[in-house]
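Nothing in this text is a laboratory measurement; each read-out follows from the coordinates by a stated rule. Everything numeric here is computed off the predicted structure, so don't read it as measured data. A quick note on method: Cβ atoms are made from the backbone with ideal geometry, for glycine too, and the neighbour counts reach across all protein chains shown.
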2 protein chains.
Amino acid sequence: MSLQFQIEKTLGSARAGRLFTPHGEIETPVFMPVGTVASVKGISQDLLEDLGVQILLGNTYHLYLRPGVEVVRELGGLHKFMSWPRAILTDSGGFQVFSLNELRKVNEEGVTFRSHLDGSSHFFSPENSMRVQIGLGADIIMAFDECTEHPASRERSKSSMELTLRWAERSKKYFEQHKNEVPWKSSQLSAVSSQPQQIPHPAFSPVRNDMGFDGACQSLFGIVQGGMDLALRKESAERTVGIGFPGYAIGGLSVGEPRELTREVVESTLQHLPADQPRYLMGVGTPEEIVQYSRLGVDMMDCVLPTRAARHGLLFTSEGKISIKQARYVKDENALDPNCGCRVCRRYSRAYLRHLYAANEVLAQVLNTIHNLSFYLDTMRQVRHSIRLGEESRFPTGL
Amino acid sequence: MSLQFQIEKTLGSARAGRLFTPHGEIETPVFMPVGTVASVKGISQDLLEDLGVQILLGNTYHLYLRPGVEVVRELGGLHKFMSWPRAILTDSGGFQVFSLNELRKVNEEGVTFRSHLDGSSHFFSPENSMRVQIGLGADIIMAFDECTEHPASRERSKSSMELTLRWAERSKKYFEQHKNEVPWKSSQLSAVSSQPQQIPHPAFSPVRNDMGFDGACQSLFGIVQGGMDLALRKESAERTVGIGFPGYAIGGLSVGEPRELTREVVESTLQHLPADQPRYLMGVGTPEEIVQYSRLGVDMMDCVLPTRAARHGLLFTSEGKISIKQARYVKDENALDPNCGCRVCRRYSRAYLRHLYAANEVLAQVLNTIHNLSFYLDTMRQVRHSIRLGEESRFPTGL
């Protein structure tokens, strides 16, 4: 078994559970911070561990360009490369390639695109995406899909969904044939048993053999598409489940549609996904949204919002959003969020954070990111706690 | 007493001792990291504590512009503003203003200069510099001096030295009249005894009353100038000592002269400074140099080199300098410095550090800075240890 999912408590549609991966256990529902090129911008891995991060998301497109899959593979995979002993999920590259707009060309075989770095030409297909994701060696990898643009006609949404389904089959086929090539399969397991690692980090116990994961490999999730059409979403969900994956993602949302529509599509699609398998809603959301989607029965989410907003001085607090650049904070001696116990709120004043931001100091980004991640992770902790207590009234508002 | 200096062991000209300040004890010889605008770029105060930093340097010119002395004063001084419970030293602003070149104008009264940020016009005099430094509230503050340019004629060096001596008298006079206005004198002492701080940090014990520092204030150091002329340096030292300060700095070096000349001037000047008072060599140096100057009897040094070099990917190691951007490190699984025990060398490979730098990730700057600071602080720890052991052969090379 490479992945086990246990639902331990439900509350309405919400579920609290545990996902067991070759690199440790994840309490769900979970928010996954984004570490685009093998780093959550500005935050060291020790800090991520302290914050209680159990799973990170890496972007295949970015890692493919830099440092390149061969480098990561030769160095034993992403976990070892970035010294992150806990779980990792990589996306398929489909969404990033989709975002390139003018720089991409889609056909049945795959997507030709130009690098945003140097304009060089590249090609991603389901097989290529699998090859790259196997080389990176995340615990959970994603089928290569086409993210349908919004708005799209029913015909366009339908043909795009069909393409994603054909690519899902190809992704699964390639993965099944090559899943034994994951770099930690050989290098890390043997590193543990025979030779010492070159960088011996005490927290680095790569593969949880005690979980029965000896010989474990990666897990491939399918992705549901179908645009904003509920019938297509149902069809996409059922046919993706028909192909058979250990977990399912809802993709193609947060692409410019109104939030109420996102919610409607999510709620409707979830009904067509197996209740006993993990459900991953890609690319959301605000603190309020991650609470809301957990309530609907989503188990996994990721979003650049907490980290990106931090870099722009936008901070999430229990009293609402704060734009720390504002002059009103120049002499504000209070903690950023009086109800937050993170190392930033315990130590620094709003006045100091405002100064760092105004002076364009790198520490502004570091501290702001620590706080926002803390806020997201605490919000999810409260969500899980509320589900386990069976007290819906205890659900955080995300504010 | 606001400052006590104990020399506990000597070895040749080198001395190991302790400097007691209102914000804690400093083991000397000491290297002071530079926290220009109330932040060591990218490094949180917790990390600086972990690294064993006992004293930080702040730049008066930068802090005067941003966030401004009134903000810092109203918030209780620099220690409280940046949540740094240990010692701080501020420079006088003289050197930064000197670096502005085209933007400054010197006369007997002081220096008119334009801000590098917005071109606005400002004026620093000995009195102004003291007023600002008292408002910032560092434990050790510096007399306002003119840093003589290099090369300079004997006449120019002499008249510049005379100006610095007159400014030293004015600095001392103003300081003596206003030293009771230091912000922590009232706010922090009362904060400890009566009302809780708004940001209660457990490590924050602002004034060491147990050291007999109740009612303590700042200490003002004099600065020796005199260009590269040894006779003028002697005269400057003797007359500055004649004015009387609790510590003396050697300024006006590292301004473009050859390193051999720097060393000659330092060695010669040190002979004219009181043996029982702290001696601070401003703005040096490389790891080799800080070892060398410690050997000559310098007690305090500061330099932007470890932090600035880190931002450019230049890393100091026990095996020499490394430019981490080089392609040779792409697949190098080794620790940056196999002889370094810092949290970067314990956890990450050169390949990962090289990747972060090449991908322009902020974490590159953070990790590189942690390592370089660690290397400097460890070098000084070894220097102190060697002096205490009385074993000159144990002196690190700084390599």
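Quick one: compute the contact order of the range A:301-399, relative version, from alpha carbon pairs under 8 angstrom and 6+ residues apart, as a percent. Write out the running numbers ahead of the final one.
On the way: 128 pairs, mean separation 28.1, N = 99.
In percent, rounded to a whole number, it is 28.
Calculate, in whole percent, how much of the Cα-Cα pair population of the range B:303-359 lies beyond 14 Å. Mind showing how you got there, number by number?
Working: 837 of 1596 pairs.
Beyond 14 Å sits 52 percent of the P(r) for the range B:303-359.
Could you give, in nm with one decimal, how far A:ARG346 is from each other copy of that position, shortest first, with labels 7 Å out from Cα toward Cβ?
1.8
Rg and Dmax of the range A:20-145, Cα atoms, in Å?
Cα only, the range A:20-145: 14.6, 45 Å (Rg, Dmax).
If you take all C-alpha pairs in the range A:220-350, what percent of them are over 22 Å apart? Present the calculation step by step, with values, prior to reporting the outcome.
Numbers: 3979 of 8515 pairs.
Summing the P(r) tail past 22 Å for the range A:220-350 gives 47 percent.
So how do B:THR28, B:THR148 line up by other beta-carbon neighbours within 10 Å, fewest first?
Working: B:THR28 28, B:THR148 25.
With the sparsest Cβ surroundings first, the list reads B:THR148, B:THR28.
Determine the calculated [θ] at 222 nm for chain A from helices alone, applying -39500 (n - 2.57) to every DSSP H run no shorter than 4 residues and normalising by the residue count; nearest 500 deg cm²/dmol. Mind showing how you got there, number by number?
Details: 15 runs with 161 residues, N = 399.
Estimated from H runs of four or more residues: -12000 deg cm²/dmol.
Give the relative contact order (percent, whole number) for chain B; include only Cα pairs under 8 Å separated by 6+ residues. The partial results should precede the final answer.
Values: 786 pairs, mean separation 71.1, N = 399.
The value is 18 percent.
Distance from the Cα centre of the range A:252-326 to that of the range B:155-177, in angstrom?
One Cα centre to the other: 63 Å.
Work out from phi, with θ = phi - 60° and the Karplus expression 6.51 cos²θ - 1.76 cosθ + 1.60, the ³J(HN,Hα) of each residue of the range B:247-254, listed in order in whole Hz, and give x for Gly and Pro.
x, 9, 10, 9, x, x, 10, 6
To the nearest 20 debye, what is the magnitude of the charge dipole of chain B about its Cα centre, counting +1 on the Cβ of each Lys and Arg and -1 on the Cβ of each Asp and Glu? Before the final figure, lay out the partial values.
Numbers: 44 positive and 45 negative charges, 139 e Å.
Approximately 660 debye in magnitude.
Give the distance, in whole Å, between the Cα centre of the range A:25-72 and the Cα centre of the range B:32-83.
Going from one Cα centre to the other spans 31 Å.
Quick one: plug the Kirkwood hydrodynamic radius of chain B (C-alpha pairs) into Stokes-Einstein at 4 °C, 1.567 mPa s, and report D in µm²/s.
Values: Rh = 21.6 Å.
The Stokes-Einstein estimate is 60 µm²/s.
State the volume of the convex hull built on the alpha-carbon positions of the range A:1-84, expressed per residue in Å³ and rounded to an integer.
116
Please identify every one of the chymotrypsin sites (Phe, Trp or Tyr not before Pro) in the range A:263-321 that sits in a loop by DSSP and has no more than 14 other beta carbons within 10 Å of its own beta carbon.
Working: sites: A:TYR280, A:TYR293, A:PHE316; in loops: none.
Of the chymotrypsin sites (Phe, Trp or Tyr not before Pro), not one in the loops of the range A:263-321 has a Cβ with at most 14 other Cβ atoms within 10 Å.
Please compute the net charge surrounding B:VAL304, taking Lys and Arg as +1 and Asp and Glu as -1 over other residues with Cβ under 14 Å from its Cβ.
Details: positive: B:LYS41, B:ARG308, B:ARG311; negative: B:ASP91, B:GLU289, B:ASP302.
With Lys, Arg at +1 and Asp, Glu at -1, the net is 0.
May I ask you to report, in nm to one decimal and beginning with the shortest, the distances from A:ASN107 to the same position in the other copies, taking label points 7 Å along Cα-to-Cβ?
Inter-copy label distances (nm, one decimal, shortest first): 7.8.
Can you work out the Karplus-derived ³J(HN,Hα) for every residue in the range A:104-112? Use 6.51 cos²θ - 1.76 cosθ + 1.60 with θ = phi - 60°, whole Hz, and x for glycine or proline.
Result, ordered by residue: 10, 9, 9, 9, 3, 5, x, 10, 9 Hz.
Cysteines of chain A lacking any other cysteine beta carbon under 4.7 Å?
By the Cβ distance rule, which asks for a partner under 4.7 Å, the isolated cysteines are A:CYS147, A:CYS217, A:CYS303, A:CYS342.
Hey, fewest Cβ within 10 Å first, where do A:HIS272, B:HIS150 land in order?
Details: A:HIS272 18, B:HIS150 15.
Least crowded to most crowded, the residues run B:HIS150, A:HIS272.
Using a label position 7 Å from Cα in the Cα→Cβ direction, what is the ascending list of nm distances from B:ASP118 to the same site in the other copies?
Taking the point 7 Å beyond Cα along Cα→Cβ, the inter-copy spacings are 4.2 nm.
Arranged by the count of other C-beta atoms within 10 angstrom, fewest first, what order do A:THR90, A:THR36 take? Walk me through the numbers before you get to the answer.
On the way: A:THR90 26, A:THR36 19.
Starting with the residue having the fewest Cβ neighbours, the order is A:THR36, A:THR90.
Whole percent per 5 Å bin, from 0 to the bin with the longest distance: what is P(r) over all C-alpha pairs of the range B:345-392?
It works out to 5, 19, 21, 16, 11, 9, 9, 6, 3, 0, in whole percents.
Across the Cα atoms of the range B:139-178, what radius of gyration and what greatest pairwise Cα-Cα distance (Dmax) are found, in Å?
Just the Cα atoms of the range B:139-178 yield Rg and Dmax of 12.2, 37 Å.
What's the long-distance tail for the protein assembly as shown, i.e. % of Cα pairs beyond 51 Å?
On the way: 78820 of 318003 pairs.
Every Cα pair in the protein assembly as shown considered, those over 51 Å come to 25 percent.
Run through the range A:323-399 and list the GluC sites (Glu not before Pro) located in a DSSP loop whose Cβ has at most 13 other Cβ atoms within 10 Å.
On the way: sites: A:GLU333, A:GLU361, A:GLU391, A:GLU392; in loops: A:GLU333, A:GLU361, A:GLU391.
Those that pass, being in a loop and sparsely packed, are A:GLU391.
Net charge within 14 Å of A:ASP91 by Cβ-Cβ distance, Lys/Arg positive one each and Asp/Glu negative one each, not counting A:ASP91 itself?
Working: positive: none; negative: A:ASP139, A:ASP145, A:GLU146, A:ASP302.
Here the charged neighbours net out to -4.
Could you give each residue of the range B:10-26 its phi-based ³J(HN,Hα) in whole Hz, using Karplus coefficients 6.51, -1.76, 1.60 with θ = phi - 60°, and x for Gly or Pro?
Per residue, the Karplus-derived 3J(HN,Hα) values read 10, 8, x, 7, 6, 9, 10, x, 9, 10, 9, 10, x, 10, x, 9, 10 Hz.
Using a cut-off of 14 Å between beta-carbons, work out the net charge of the residues near A:GLU289 (Lys and Arg +1, Asp and Glu -1, A:GLU289 not included). Spell out each step's value before the answer.
Working: positive: A:ARG259, A:ARG263, A:ARG295, A:LYS321; negative: A:GLU257, A:GLU260, A:GLU264, A:GLU267, A:GLU288, A:ASP302.
With Lys, Arg at +1 and Asp, Glu at -1, the net is -2.
Work out the charge dipole of chain A with +1 on the Cβ of Lys and Arg and -1 on the Cβ of Asp and Glu about the Cα centre, then indicate which of A:PHE221, A:LEU47, A:GLN6 is farthest towards its positive end.
About the Cα centre, the residue reaching furthest to the positive side is A:LEU47.
Grab the eigenvalues of the alpha-carbon gyration tensor for the range A:236-303, scale each by 5, take roots, and send me the semi-axes largest first in whole angstrom. List each step's numbers first, then the result.
Working: eigenvalues 77, 31, 21 Å².
Taking √(5λ) for each Cα gyration eigenvalue gives 20, 13, 10 Å.
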